[in-house]
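Asker: My questions all concern the structure below.
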Amino acid sequence: MTTFPEVPAFTGFNTPSRVEANVHDLNVIGTIPPEMNGTFYRVQPEHQFPPMLGNDIAFNGDGMISMFRFKDGKVDYTQRWAKTDKWKLENEAGRALFGAYRNPLTDDEVVKGKIRGTANTNAFVHGGRLYALKEDSPALVMDPITLETQGYTDFDGKMTGETFSAHPKTDSVTGNLCSFGYASKGLLTRDMTYYEISPEGKLLFDVWFEVPYYAMMHDFAITRDYALFSVMPMTSNWQRLEAGKPHFGFDTSLPSYLAVVPRKPGTTAADIRWYKGDTCFAGHVMNAWQEGTKLFLDLPVAKNNMMPFFPDINDAPFDPAAGSTFLTRWTVDLSQNEETYRSERLSDMIGEFPRLDDRMNGKKYRYGWMVVIDPSQPVEIKGGSAGGWVMNTLGMVDLETGTEQKWWCGPVSSIQEPCFVPRAPDSAEGDGWIVMICNRLETHSSDLLIFEATDIGKGPIATINVPVRLRFGLHGNWANAADLRPLEQAA
Ligand SMILES: [Fe+2]
(Lines give C-alpha, C1' and ligand atoms only; values in the text may rest on other atoms or scores of the structure.)
Protein backbone atom coordinates (compact mmCIF):
# COMPACT_ATOMS: atom_id res chain seq x y z
CA MET A 1 0.00 0.00 0.00
CA THR A 2 1.24 3.46 -0.88
CA THR A 3 0.48 6.35 1.45
CA PHE A 4 2.26 9.64 0.98
CA PRO A 5 2.89 11.66 4.15
CA GLU A 6 0.46 14.42 5.14
CA VAL A 7 3.10 17.14 5.00
CA PRO A 8 3.28 20.32 2.88
CA ALA A 9 5.71 18.75 0.39
CA PHE A 10 3.12 16.09 -0.54
CA THR A 11 -0.27 17.78 -0.08
CA GLY A 12 -2.25 20.59 -1.73
CA PHE A 13 -0.74 21.64 -5.05
CA ASN A 14 2.22 19.37 -4.18
CA THR A 15 0.08 16.22 -4.02
CA PRO A 16 1.90 13.56 -6.03
CA SER A 17 0.60 13.28 -9.58
CA ARG A 18 2.68 10.41 -11.05
CA VAL A 19 0.77 10.58 -14.33
CA GLU A 20 2.18 9.39 -17.63
CA ALA A 21 -0.01 10.74 -20.42
CA ASN A 22 -0.61 11.14 -24.15
CA VAL A 23 -3.18 13.80 -24.96
CA HIS A 24 -3.82 14.95 -28.51
CA ASP A 25 -4.77 18.53 -29.40
CA LEU A 26 -5.07 20.34 -26.05
CA ASN A 27 -7.77 22.94 -25.37
CA VAL A 28 -6.61 26.45 -26.25
CA ILE A 29 -8.00 29.86 -25.30
CA GLY A 30 -6.66 32.41 -27.78
CA THR A 31 -4.53 31.50 -30.78
CA ILE A 32 -1.32 29.52 -31.00
CA PRO A 33 0.86 31.14 -33.68
CA PRO A 34 0.75 28.64 -36.58
CA GLU A 35 4.48 29.21 -37.24
CA MET A 36 5.36 27.61 -33.88
CA ASN A 37 6.82 24.32 -35.00
CA GLY A 38 8.79 22.40 -32.46
CA THR A 39 8.69 20.99 -28.96
CA PHE A 40 8.84 22.44 -25.46
CA TYR A 41 10.33 19.99 -22.95
CA ARG A 42 10.26 20.61 -19.20
CA VAL A 43 10.80 18.52 -16.08
CA GLN A 44 9.32 18.37 -12.60
CA PRO A 45 10.52 16.44 -9.55
CA GLU A 46 7.91 13.83 -8.66
CA HIS A 47 8.37 11.04 -6.10
CA GLN A 48 7.59 7.62 -7.53
CA PHE A 49 7.11 6.29 -3.98
CA PRO A 50 6.60 7.87 -0.54
CA PRO A 51 9.97 9.02 0.82
CA MET A 52 11.91 6.50 2.88
CA LEU A 53 12.43 8.91 5.74
CA GLY A 54 8.86 10.19 6.14
CA ASN A 55 9.43 13.60 4.57
CA ASP A 56 11.58 15.00 1.80
CA ILE A 57 12.41 18.09 -0.21
CA ALA A 58 11.04 18.54 -3.72
CA PHE A 59 14.58 18.49 -5.13
CA ASN A 60 14.77 14.77 -4.27
CA GLY A 61 11.85 13.71 -6.47
CA ASP A 62 12.22 11.56 -9.58
CA GLY A 63 12.26 13.31 -12.95
CA MET A 64 8.95 13.49 -14.81
CA ILE A 65 9.33 14.90 -18.31
CA SER A 66 6.54 16.86 -20.04
CA MET A 67 6.64 17.34 -23.80
CA PHE A 68 4.46 19.86 -25.67
CA ARG A 69 4.61 19.35 -29.44
CA PHE A 70 3.51 22.46 -31.38
CA LYS A 71 2.47 22.23 -35.03
CA ASP A 72 -0.08 24.03 -37.25
CA GLY A 73 -1.53 25.98 -34.33
CA LYS A 74 -2.18 22.83 -32.28
CA VAL A 75 -0.35 21.26 -29.39
CA ASP A 76 -0.05 17.62 -28.28
CA TYR A 77 1.10 16.66 -24.79
CA THR A 78 3.09 13.63 -23.65
CA GLN A 79 4.46 12.93 -20.19
CA ARG A 80 6.83 10.15 -19.09
CA TRP A 81 9.08 9.26 -16.19
CA ALA A 82 12.79 9.67 -16.73
CA LYS A 83 13.62 6.04 -15.93
CA THR A 84 16.90 6.42 -14.11
CA ASP A 85 18.73 3.48 -12.54
CA LYS A 86 17.24 4.68 -9.21
CA TRP A 87 13.71 4.73 -10.67
CA LYS A 88 14.10 1.19 -12.02
CA LEU A 89 15.51 -0.24 -8.78
CA GLU A 90 12.73 1.32 -6.73
CA ASN A 91 10.06 0.35 -9.28
CA GLU A 92 11.16 -3.26 -9.05
CA ALA A 93 11.17 -3.15 -5.25
CA GLY A 94 7.82 -1.35 -5.08
CA ARG A 95 9.16 1.18 -2.56
CA ALA A 96 11.78 3.88 -2.01
CA LEU A 97 15.31 2.53 -1.51
CA PHE A 98 17.22 5.80 -1.64
CA GLY A 99 17.06 8.12 1.38
CA ALA A 100 17.78 11.79 1.83
CA TYR A 101 18.87 14.25 -0.85
CA ARG A 102 22.54 13.62 -1.66
CA ASN A 103 23.11 11.54 1.44
CA PRO A 104 23.94 7.94 0.51
CA LEU A 105 24.45 7.15 4.21
CA THR A 106 20.65 7.07 4.48
CA ASP A 107 20.09 4.55 1.66
CA ASP A 108 18.91 0.96 1.91
CA GLU A 109 21.91 -1.41 1.92
CA VAL A 110 20.72 -3.07 -1.31
CA VAL A 111 21.44 0.07 -3.37
CA LYS A 112 24.86 0.96 -1.96
CA GLY A 113 27.10 2.19 -4.76
CA LYS A 114 24.28 2.65 -7.28
CA ILE A 115 23.85 5.93 -9.18
CA ARG A 116 21.52 8.10 -7.08
CA GLY A 117 20.57 10.54 -9.89
CA THR A 118 16.94 11.50 -10.43
CA ALA A 119 17.17 13.37 -13.80
CA ASN A 120 14.75 15.92 -12.34
CA THR A 121 16.37 19.29 -13.11
CA ASN A 122 16.53 19.94 -16.83
CA ALA A 123 15.43 18.50 -20.17
CA PHE A 124 17.74 19.56 -22.97
CA VAL A 125 18.03 18.57 -26.64
CA HIS A 126 21.41 18.49 -28.37
CA GLY A 127 22.41 16.57 -31.46
CA GLY A 128 19.01 14.86 -31.67
CA ARG A 129 19.28 13.44 -28.14
CA LEU A 130 17.12 14.48 -25.20
CA TYR A 131 19.19 14.72 -22.05
CA ALA A 132 17.39 14.51 -18.69
CA LEU A 133 19.76 16.02 -16.17
CA LYS A 134 20.60 16.15 -12.49
CA GLU A 135 23.96 17.53 -11.46
CA ASP A 136 24.90 14.69 -9.07
CA SER A 137 25.04 12.01 -11.77
CA PRO A 138 25.81 11.39 -15.47
CA ALA A 139 23.46 12.60 -18.23
CA LEU A 140 20.43 10.39 -18.87
CA VAL A 141 19.59 10.00 -22.57
CA MET A 142 15.96 9.82 -23.71
CA ASP A 143 14.32 9.60 -27.12
CA PRO A 144 13.09 13.15 -27.89
CA ILE A 145 10.07 11.85 -29.84
CA THR A 146 8.81 8.97 -27.70
CA LEU A 147 10.36 9.96 -24.33
CA GLU A 148 11.62 6.41 -23.91
CA THR A 149 14.63 6.27 -21.60
CA GLN A 150 17.81 4.92 -23.17
CA GLY A 151 20.04 5.18 -20.09
CA TYR A 152 23.05 7.06 -18.76
CA THR A 153 25.82 7.99 -21.16
CA ASP A 154 29.55 8.30 -20.55
CA PHE A 155 30.08 9.55 -24.13
CA ASP A 156 31.71 6.35 -25.37
CA GLY A 157 33.86 6.11 -22.27
CA LYS A 158 35.35 9.59 -22.79
CA MET A 159 33.65 11.22 -19.78
CA THR A 160 36.19 10.81 -17.01
CA GLY A 161 34.24 12.49 -14.19
CA GLU A 162 31.22 11.08 -12.37
CA THR A 163 28.78 13.94 -12.92
CA PHE A 164 27.26 16.10 -15.64
CA SER A 165 25.67 19.51 -14.96
CA ALA A 166 21.95 20.14 -15.39
CA HIS A 167 22.80 23.46 -17.08
CA PRO A 168 24.74 22.76 -20.27
CA LYS A 169 24.91 25.48 -22.93
CA THR A 170 24.96 25.13 -26.69
CA ASP A 171 27.58 27.35 -28.33
CA SER A 172 25.60 28.82 -31.21
CA VAL A 173 28.78 29.35 -33.28
CA THR A 174 30.37 25.89 -33.02
CA GLY A 175 27.21 23.95 -32.16
CA ASN A 176 29.17 22.32 -29.34
CA LEU A 177 27.48 21.35 -26.11
CA CYS A 178 29.43 22.95 -23.26
CA SER A 179 28.98 21.42 -19.84
CA PHE A 180 30.77 20.52 -16.64
CA GLY A 181 30.63 18.28 -13.62
CA TYR A 182 31.43 18.89 -9.97
CA ALA A 183 32.23 16.43 -7.23
CA SER A 184 33.76 14.77 -10.27
CA LYS A 185 35.81 12.29 -8.24
CA GLY A 186 32.97 11.45 -5.88
CA LEU A 187 30.55 13.01 -3.43
CA LEU A 188 31.89 16.11 -1.63
CA THR A 189 35.14 16.24 -3.59
CA ARG A 190 36.40 19.61 -4.82
CA ASP A 191 37.18 18.23 -8.28
CA MET A 192 35.54 19.75 -11.32
CA THR A 193 35.55 18.92 -14.99
CA TYR A 194 34.69 21.13 -17.96
CA TYR A 195 33.47 19.25 -21.04
CA GLU A 196 32.84 20.09 -24.67
CA ILE A 197 30.79 17.78 -26.87
CA SER A 198 30.38 18.03 -30.65
CA PRO A 199 26.95 18.17 -32.37
CA GLU A 200 27.52 14.49 -33.25
CA GLY A 201 27.74 13.64 -29.54
CA LYS A 202 31.53 13.13 -29.41
CA LEU A 203 33.26 14.34 -26.26
CA LEU A 204 36.02 16.57 -27.65
CA PHE A 205 38.05 17.45 -24.55
CA ASP A 206 37.88 17.95 -20.82
CA VAL A 207 39.57 20.24 -18.31
CA TRP A 208 40.10 19.11 -14.73
CA PHE A 209 40.47 21.57 -11.86
CA GLU A 210 39.61 22.12 -8.20
CA VAL A 211 37.34 24.69 -6.59
CA PRO A 212 38.54 26.43 -3.39
CA TYR A 213 35.87 24.65 -1.32
CA TYR A 214 33.16 22.09 -2.07
CA ALA A 215 30.10 24.04 -3.22
CA MET A 216 26.86 23.65 -5.11
CA MET A 217 28.13 24.37 -8.63
CA HIS A 218 24.75 24.58 -10.27
CA ASP A 219 25.13 26.67 -13.41
CA PHE A 220 27.82 28.39 -15.48
CA ALA A 221 28.26 30.58 -18.55
CA ILE A 222 30.30 30.54 -21.72
CA THR A 223 31.89 33.27 -23.79
CA ARG A 224 33.62 32.64 -27.12
CA ASP A 225 36.87 31.61 -25.45
CA TYR A 226 36.06 30.99 -21.78
CA ALA A 227 33.83 29.09 -19.39
CA LEU A 228 32.88 31.16 -16.33
CA PHE A 229 31.99 29.65 -12.96
CA SER A 230 30.61 31.39 -9.90
CA VAL A 231 31.49 29.70 -6.61
CA MET A 232 29.26 30.56 -3.65
CA PRO A 233 29.33 29.12 -0.13
CA MET A 234 26.49 26.61 -0.40
CA THR A 235 28.71 23.91 0.96
CA SER A 236 28.79 20.55 2.74
CA ASN A 237 31.00 17.92 4.37
CA TRP A 238 30.81 14.36 5.71
CA GLN A 239 30.04 15.58 9.25
CA ARG A 240 26.80 17.12 7.98
CA LEU A 241 25.83 13.90 6.24
CA GLU A 242 26.70 11.75 9.24
CA ALA A 243 24.61 14.04 11.45
CA GLY A 244 21.65 13.69 9.08
CA LYS A 245 21.55 17.42 8.32
CA PRO A 246 20.40 18.74 4.92
CA HIS A 247 23.19 18.10 2.39
CA PHE A 248 23.90 21.77 1.79
CA GLY A 249 24.37 24.54 4.32
CA PHE A 250 25.21 28.19 3.67
CA ASP A 251 28.50 29.38 5.21
CA THR A 252 28.67 33.19 5.32
CA SER A 253 32.30 33.07 6.52
CA LEU A 254 33.47 32.05 3.05
CA PRO A 255 34.06 34.41 0.10
CA SER A 256 32.63 33.94 -3.35
CA TYR A 257 34.78 33.37 -6.43
CA LEU A 258 34.65 33.73 -10.17
CA ALA A 259 36.70 31.23 -12.17
CA VAL A 260 37.71 31.91 -15.78
CA VAL A 261 38.53 28.66 -17.60
CA PRO A 262 39.93 28.78 -21.16
CA ARG A 263 37.75 26.72 -23.51
CA LYS A 264 40.47 24.82 -25.31
CA PRO A 265 42.01 21.37 -25.26
CA GLY A 266 45.12 21.10 -23.12
CA THR A 267 43.96 23.67 -20.56
CA THR A 268 45.25 22.85 -17.09
CA ALA A 269 44.32 24.17 -13.65
CA ALA A 270 47.31 26.54 -13.91
CA ASP A 271 45.65 28.36 -16.84
CA ILE A 272 42.57 29.26 -14.80
CA ARG A 273 42.16 32.79 -13.40
CA TRP A 274 40.41 33.16 -10.03
CA TYR A 275 38.71 36.34 -8.77
CA LYS A 276 37.34 36.84 -5.29
CA GLY A 277 34.16 38.64 -4.14
CA ASP A 278 32.02 39.22 -1.06
CA THR A 279 29.92 36.35 0.27
CA CYS A 280 26.80 36.10 -1.86
CA PHE A 281 24.27 33.69 -3.27
CA ALA A 282 24.57 33.16 -7.03
CA GLY A 283 22.71 30.18 -8.48
CA HIS A 284 21.61 30.51 -12.09
CA VAL A 285 23.25 32.44 -14.89
CA MET A 286 21.67 34.66 -17.55
CA ASN A 287 24.59 35.00 -19.97
CA ALA A 288 28.20 36.07 -20.45
CA TRP A 289 30.33 37.52 -23.24
CA GLN A 290 33.75 38.99 -23.93
CA GLU A 291 34.89 42.28 -25.46
CA GLY A 292 38.63 42.52 -25.98
CA THR A 293 40.18 41.51 -22.66
CA LYS A 294 36.99 42.21 -20.69
CA LEU A 295 34.55 39.52 -19.58
CA PHE A 296 30.97 40.20 -18.53
CA LEU A 297 28.80 37.76 -16.57
CA ASP A 298 25.12 38.52 -15.87
CA LEU A 299 23.46 36.52 -13.12
CA PRO A 300 20.91 36.94 -10.31
CA VAL A 301 22.76 37.56 -7.04
CA ALA A 302 21.52 37.82 -3.44
CA LYS A 303 23.42 39.12 -0.42
CA ASN A 304 22.70 35.93 1.49
CA ASN A 305 21.20 32.46 1.11
CA MET A 306 18.02 32.24 -1.00
CA MET A 307 17.23 28.57 -0.22
CA PRO A 308 15.56 28.13 3.20
CA PHE A 309 15.64 24.32 2.85
CA PHE A 310 19.47 24.48 2.81
CA PRO A 311 19.87 26.58 5.99
CA ASP A 312 22.70 28.66 7.37
CA ILE A 313 25.37 26.37 8.89
CA ASN A 314 25.17 28.35 12.16
CA ASP A 315 21.35 28.21 12.16
CA ALA A 316 20.90 31.91 11.43
CA PRO A 317 17.21 32.41 10.56
CA PHE A 318 16.30 32.65 6.88
CA ASP A 319 16.00 36.28 5.77
CA PRO A 320 13.85 36.64 2.62
CA ALA A 321 15.00 40.22 2.03
CA ALA A 322 18.71 39.32 2.12
CA GLY A 323 17.90 36.21 0.07
CA SER A 324 16.29 38.26 -2.72
CA THR A 325 18.16 37.94 -6.00
CA PHE A 326 18.69 40.82 -8.42
CA LEU A 327 20.14 40.61 -11.91
CA THR A 328 23.77 41.66 -11.49
CA ARG A 329 26.77 42.07 -13.78
CA TRP A 330 30.21 40.80 -12.77
CA THR A 331 33.10 42.21 -14.80
CA VAL A 332 36.80 41.39 -15.01
CA ASP A 333 39.59 42.57 -17.28
CA LEU A 334 42.04 39.80 -18.12
CA SER A 335 44.74 42.33 -19.07
CA GLN A 336 44.86 43.66 -15.51
CA ASN A 337 46.32 42.10 -12.40
CA GLU A 338 42.95 42.06 -10.64
CA GLU A 339 42.15 39.86 -7.66
CA THR A 340 38.46 40.73 -7.38
CA TYR A 341 35.55 41.00 -9.80
CA ARG A 342 33.47 44.16 -10.08
CA SER A 343 29.75 43.85 -9.37
CA GLU A 344 26.91 46.10 -10.54
CA ARG A 345 23.14 45.64 -10.15
CA LEU A 346 21.22 45.72 -13.45
CA SER A 347 17.61 45.52 -12.25
CA ASP A 348 15.58 46.17 -9.10
CA MET A 349 13.17 43.34 -9.87
CA ILE A 350 13.55 40.37 -7.49
CA GLY A 351 14.26 37.81 -10.18
CA GLU A 352 15.54 34.26 -10.65
CA PHE A 353 15.25 31.54 -13.31
CA PRO A 354 16.90 33.91 -15.82
CA ARG A 355 16.56 33.00 -19.49
CA LEU A 356 17.62 34.56 -22.75
CA ASP A 357 17.19 33.85 -26.43
CA ASP A 358 19.55 30.87 -26.29
CA ARG A 359 20.99 31.67 -29.72
CA MET A 360 22.75 34.56 -27.91
CA ASN A 361 24.62 32.26 -25.51
CA GLY A 362 28.15 33.60 -25.07
CA LYS A 363 27.44 36.78 -27.03
CA LYS A 364 26.49 40.33 -26.08
CA TYR A 365 22.71 40.18 -25.85
CA ARG A 366 19.77 42.51 -25.44
CA TYR A 367 16.81 40.68 -23.88
CA GLY A 368 16.44 38.61 -20.72
CA TRP A 369 13.41 37.12 -19.00
CA MET A 370 13.04 36.04 -15.38
CA VAL A 371 10.59 34.71 -12.83
CA VAL A 372 9.97 37.70 -10.59
CA ILE A 373 8.66 37.95 -7.04
CA ASP A 374 6.59 41.12 -6.80
CA PRO A 375 5.82 41.50 -3.08
CA SER A 376 3.64 44.55 -3.79
CA GLN A 377 0.98 42.34 -5.43
CA PRO A 378 -1.72 40.67 -3.32
CA VAL A 379 -1.64 36.96 -2.57
CA GLU A 380 -5.00 35.29 -1.94
CA ILE A 381 -3.98 31.66 -1.81
CA LYS A 382 -5.77 29.69 0.91
CA GLY A 383 -3.31 28.44 3.45
CA GLY A 384 -1.21 31.34 2.34
CA SER A 385 2.32 31.98 1.50
CA ALA A 386 4.34 34.09 3.88
CA GLY A 387 4.30 37.79 3.17
CA GLY A 388 3.54 37.69 -0.54
CA TRP A 389 6.80 35.89 -1.44
CA VAL A 390 5.32 34.13 -4.42
CA MET A 391 6.82 33.73 -7.89
CA ASN A 392 3.93 35.72 -9.30
CA THR A 393 5.37 37.79 -12.16
CA LEU A 394 7.10 37.31 -15.48
CA GLY A 395 9.74 40.01 -15.96
CA MET A 396 11.72 41.14 -18.99
CA VAL A 397 14.80 43.35 -19.19
CA ASP A 398 15.89 45.19 -22.32
CA LEU A 399 19.56 45.84 -21.63
CA GLU A 400 19.91 48.08 -24.70
CA THR A 401 17.24 50.62 -23.70
CA GLY A 402 17.35 49.93 -19.96
CA THR A 403 13.60 49.36 -19.91
CA GLU A 404 11.67 46.57 -18.19
CA GLN A 405 8.31 44.89 -18.57
CA LYS A 406 6.27 42.85 -16.12
CA TRP A 407 3.21 40.62 -16.25
CA TRP A 408 1.52 39.61 -12.98
CA CYS A 409 -0.25 36.24 -12.94
CA GLY A 410 -2.91 37.18 -10.39
CA PRO A 411 -3.46 36.54 -6.68
CA VAL A 412 -4.16 32.78 -6.82
CA SER A 413 -1.46 31.62 -9.24
CA SER A 414 2.30 31.31 -9.55
CA ILE A 415 4.59 30.69 -12.48
CA GLN A 416 7.43 28.45 -13.57
CA GLU A 417 10.54 29.22 -15.61
CA PRO A 418 9.96 31.00 -18.95
CA CYS A 419 11.49 29.65 -22.16
CA PHE A 420 12.15 31.62 -25.35
CA VAL A 421 10.96 30.23 -28.70
CA PRO A 422 12.43 31.83 -31.85
CA ARG A 423 9.90 32.69 -34.60
CA ALA A 424 12.28 31.04 -37.06
CA PRO A 425 15.82 29.69 -36.66
CA ASP A 426 17.26 32.83 -38.29
CA SER A 427 14.93 35.48 -36.85
CA ALA A 428 16.37 38.44 -34.93
CA GLU A 429 17.16 38.24 -31.21
CA GLY A 430 13.92 38.34 -29.21
CA ASP A 431 11.69 37.84 -32.26
CA GLY A 432 9.50 35.02 -31.05
CA TRP A 433 7.54 33.91 -28.03
CA ILE A 434 7.83 32.96 -24.40
CA VAL A 435 6.24 29.72 -23.23
CA MET A 436 5.69 29.30 -19.50
CA ILE A 437 3.71 27.06 -17.16
CA CYS A 438 1.30 28.86 -14.84
CA ASN A 439 0.29 27.08 -11.61
CA ARG A 440 -3.39 27.66 -10.74
CA LEU A 441 -2.98 27.18 -7.01
CA GLU A 442 -6.69 27.51 -6.14
CA THR A 443 -8.04 25.04 -8.68
CA HIS A 444 -4.97 22.77 -8.62
CA SER A 445 -4.61 22.97 -12.37
CA SER A 446 -1.97 24.07 -14.87
CA ASP A 447 -1.90 26.20 -17.99
CA LEU A 448 0.83 26.65 -20.56
CA LEU A 449 0.92 30.32 -21.55
CA ILE A 450 2.31 31.87 -24.73
CA PHE A 451 3.48 35.50 -24.85
CA GLU A 452 4.92 37.71 -27.55
CA ALA A 453 8.49 37.67 -26.22
CA THR A 454 9.16 41.41 -26.29
CA ASP A 455 5.60 42.42 -25.38
CA ILE A 456 4.92 40.35 -22.29
CA GLY A 457 3.19 43.27 -20.57
CA LYS A 458 0.05 42.78 -22.66
CA GLY A 459 -0.40 39.28 -21.24
CA PRO A 460 -0.61 35.87 -22.88
CA ILE A 461 -1.78 35.54 -26.47
CA ALA A 462 -2.75 31.93 -25.84
CA THR A 463 -3.60 29.88 -22.76
CA ILE A 464 -3.30 26.12 -23.22
CA ASN A 465 -5.17 24.10 -20.59
CA VAL A 466 -3.03 21.16 -19.50
CA PRO A 467 -5.42 18.33 -18.54
CA VAL A 468 -3.10 17.15 -15.76
CA ARG A 469 -1.84 19.19 -12.79
CA LEU A 470 1.85 19.83 -13.28
CA ARG A 471 3.82 20.13 -10.06
CA PHE A 472 6.41 22.83 -9.53
CA GLY A 473 8.95 22.25 -12.27
CA LEU A 474 12.53 23.29 -12.66
CA HIS A 475 13.81 23.86 -16.17
CA GLY A 476 12.71 23.42 -19.76
CA ASN A 477 13.86 24.05 -23.30
CA TRP A 478 12.53 24.46 -26.81
CA ALA A 479 13.72 22.40 -29.77
CA ASN A 480 12.87 23.44 -33.32
CA ALA A 481 11.12 20.80 -35.41
CA ALA A 482 14.03 20.89 -37.86
CA ASP A 483 16.33 19.69 -35.07
CA LEU A 484 14.01 16.78 -34.29
CA ARG A 485 12.78 15.87 -37.76
CA PRO A 486 15.30 13.18 -38.72
CA LEU A 487 14.35 11.24 -35.60
CA GLU A 488 10.64 11.97 -35.99
CA GLN A 489 10.63 10.45 -39.48
CA ALA A 490 12.50 7.40 -38.26
CA ALA A 491 10.12 6.86 -35.35
FE1 LIG B 1 18.78 25.15 -12.23
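Asker: Taking the Cβ of T293 as the center, what net charge do the other residues with Cβ under 12 Å away carry, scoring Lys and Arg +1 and Asp and Glu -1?
Answerer: -2
Asker: Oh, and also: Excluding M360 itself, calculate the net charge of residues whose Cβ lies under 9 Å from the Cβ of M360, where each Lys or Arg counts +1 and each Asp or Glu counts -1.
Answerer: Local net charge: +1.
Asker: Mean projection of the alpha-carbon convex hull of the chain over all orientations, in nm²?
Answerer: Taking a quarter of the hull surface, the average projection is 21.8 nm².
Asker: Here's a follow-up. Over the chain, give the accessible area per residue in Å² for a 1.4 Å probe, as an integer.
Answerer: That works out to 39 Å² per residue.
Asker: Quick one: Kirkwood hydrodynamic radius for the range 154-206, alpha-carbon pairs, angstrom, one decimal?
Answerer: 11.2 Å
Asker: Next question, about the same structure. For the range 86-206, just the Cα set please: Rg and Dmax, both in angstrom.
Answerer: Cα-based Rg and Dmax for the range 86-206 come out at 14.8, 47 Å.
Asker: If you average 1/r over all unlike Cα pairs in the range 382-466 and invert the result, what Kirkwood radius do you get in angstrom?
Answerer: 13.8 Å
Asker: Sticking with this structure for a sec: Could you quote the convex hull projected area for the range 233-360, Cα atoms only and averaged over all directions, in nm²?
Answerer: 10.0 nm²
Asker: Taking a 1.4 Å probe, which of F296, F451 shows the most accessible area, and what order do the others take after it?
Answerer: F296, F451
Asker: If you don't mind, another one. How big is the range 338-377 in terms of Cα radius of gyration and Dmax, in angstroms?
Answerer: Cα only, the range 338-377: 13.3, 42 Å (Rg, Dmax).
Asker: Give me the percent of Cα-Cα pairs in the range 293-351 that sit more than 12 Å apart, rounded to a whole number.
Answerer: For the range 293-351, the share of Cα pairs beyond 12 Å comes to 70 percent.
Asker: About the Cα centre, and with charges only on the beta carbon of Lys, Arg (+1) and Asp, Glu (-1), how big is the dipole of the range 1-129? Nearest 20 debye, please.
Answerer: 340 debye
Asker: Could the peptides 363-370, 201-208 be put in order, highest first, of the mean number of other beta-carbon atoms found within 10 Å of their residues?
Answerer: Ranking the peptides 363-370, 201-208 by packing returns 363-370, 201-208.
Asker: Okay, moving on. In the full protein assembly as shown, how much of T443 is accessible to a 1.4 Å probe, in Å² to the nearest 10?
Answerer: Looks like 100 Å² after rounding.
Asker: Determine ³J(HN,Hα), in whole Hz, for all residues of the range 246-263 in sequence, where each value follows from phi through the Karplus function 6.51 cos²θ - 1.76 cosθ + 1.60 and θ = phi - 60°; x replaces Gly and Pro.
Answerer: So the J values, rounded to whole Hz, are x, 3, 9, x, 9, 10, 6, 7, 9, x, 9, 9, 10, 10, 10, 10, x, 8.
Asker: Okay, moving on. Give a residue-ordered list of calculated ³J(HN,Hα) values for the range 84-89 (Karplus: 6.51 cos²θ - 1.76 cosθ + 1.60, θ = phi - 60°; whole Hz; x for Gly, Pro).
Answerer: Residue by residue, the range 84-89 yields 6, 4, 4, 4, 5, 4 Hz.
Asker: Let me ask something else about it. Considering only protein heavy atoms, with the full assembly of protein chains and a 1.4 angstrom probe, order R224, R190, R355 by accessible area, largest first.
Answerer: R224, R190, R355
Asker: Let me ask something additional. Counting only protein heavy atoms and using a 1.4 Å probe, what share of the accessible area of the chain belongs to carbon plus sulfur, as a whole percent?
Answerer: 50 percent
Asker: For the range 350-491, what are the per-bin percents of Cα-Cα distances with bins 10 Å wide, up to the bin holding the maximum?
Answerer: 11, 39, 33, 13, 3, 0
Asker: Follow-up question, since we're still on this one. Stokes-Einstein diffusion coefficient for the range 30-80 at 20 °C in a medium of 1.002 mPa s, Rh from the Kirkwood formula over Cα pairs: what value in µm²/s?
Answerer: Estimated diffusion coefficient is 166 µm²/s.
Asker: Follow-up. Find which of C280, P265, Q405 sits farthest along the positive direction of the dipole of the chain, computed with +1 on the beta-carbon of Lys and Arg, -1 on that of Asp and Glu, about the Cα centre.
Answerer: Projecting each Cα onto the dipole axis, the largest value belongs to P265.
Asker: Using a simple charge model, +1 on the beta-carbon of Lys and Arg, -1 on the beta-carbon of Asp and Glu, nothing else, what dipole does the chain show about its Cα centre, in debye to the nearest 20?
Answerer: It works out to roughly 300 debye.
Asker: Using a basic spin-label model with each label point 7 Å from the Cα along Cα→Cβ, how many nm lie between A269 and Q150?
Answerer: Result: 3.4 nm between the two label points.
Asker: Short version: ³J(HN,Hα) in whole Hz for each residue of the range 150-160, in order, from phi by Karplus 6.51 cos²θ - 1.76 cosθ + 1.60 (θ = phi - 60°), x for Gly and Pro, what are they?
Answerer: Residue by residue, the range 150-160 yields 9, x, 5, 10, 10, 6, 6, x, 7, 7, 8 Hz.
Asker: In whole Å, largest first, what are the principal axis extents of the Cα atoms in the range 1-116?
Answerer: 53, 30, 24
Asker: If I take all pairs of Cα atoms in the range 178-226, what percentage of them are more than 18 Å from each other?
Answerer: Result: 33 percent of Cα pairs exceed 18 Å.
Asker: Let me ask something additional. Taking amide hydrogens as modeled 1.01 Å from N in the peptide plane, which residues meet the under 5 Å criterion relative to K158, leaving out close sequence neighbours?
Answerer: Distant-sequence amide H within range of K158: zero hits.
Asker: For the range 222-273, what is one quarter of the convex hull surface built on the Cα atoms, given in nm²?
Answerer: 5.1 nm²
Asker: Provide the solvent-accessible area of V390, counting protein heavy atoms only and rolling a 1.4 Å probe, rounded to the nearest 10 Å².
Answerer: Here the accessible area works out near 10 Å².
Asker: Working with all protein chains in place, sort M1, M142 by solvent-accessible area computed with a 1.4 Å probe, largest first.
Answerer: Greatest to least solvent exposure: M1, M142.
Asker: With point charges of +1 on the Cβ of Lys and Arg and -1 on the Cβ of Asp and Glu, referenced to the Cα centre of the range 104-158, which listed residue (I115, L147, G128) lies farthest in the positive direction of the dipole?
Answerer: G128
Asker: Quick one: putting +1 on the C-beta of Lys and Arg, -1 on the C-beta of Asp and Glu, what dipole do you get for the range 238-367 around its Cα centre, in Debye to the nearest 20?
Answerer: Here the size comes out at about 540 debye.
Asker: Taking each pair of distinct Cα atoms in the range 297-430 once, what is the resulting Kirkwood hydrodynamic radius in Å?
Answerer: Result for the range 297-430 stands at 16.7 Å.
Asker: Show me the three semi-axes of the equivalent ellipsoid for the range 76-148, from the C-alpha gyration tensor (sqrt of 5 times each eigenvalue), largest first, rounded to whole Å.
Answerer: Result for the range 76-148: semi-axes of 25, 14, 9 Å.
The values are calculated or read from the model by the stated rules, or taken from the named source; none is laboratory data. Since this is a predicted model, take the numbers as computed values, not measurements. Cβ sites come from the backbone with ideal geometry, for glycine too, and all protein chains shown count toward neighbours. Accessible surface areas use protein heavy atoms only, side chains included; no ligands, DNA or RNA. Shrake-Rupley method; radii C 1.70, N 1.55, O 1.52, S 1.80 Å.
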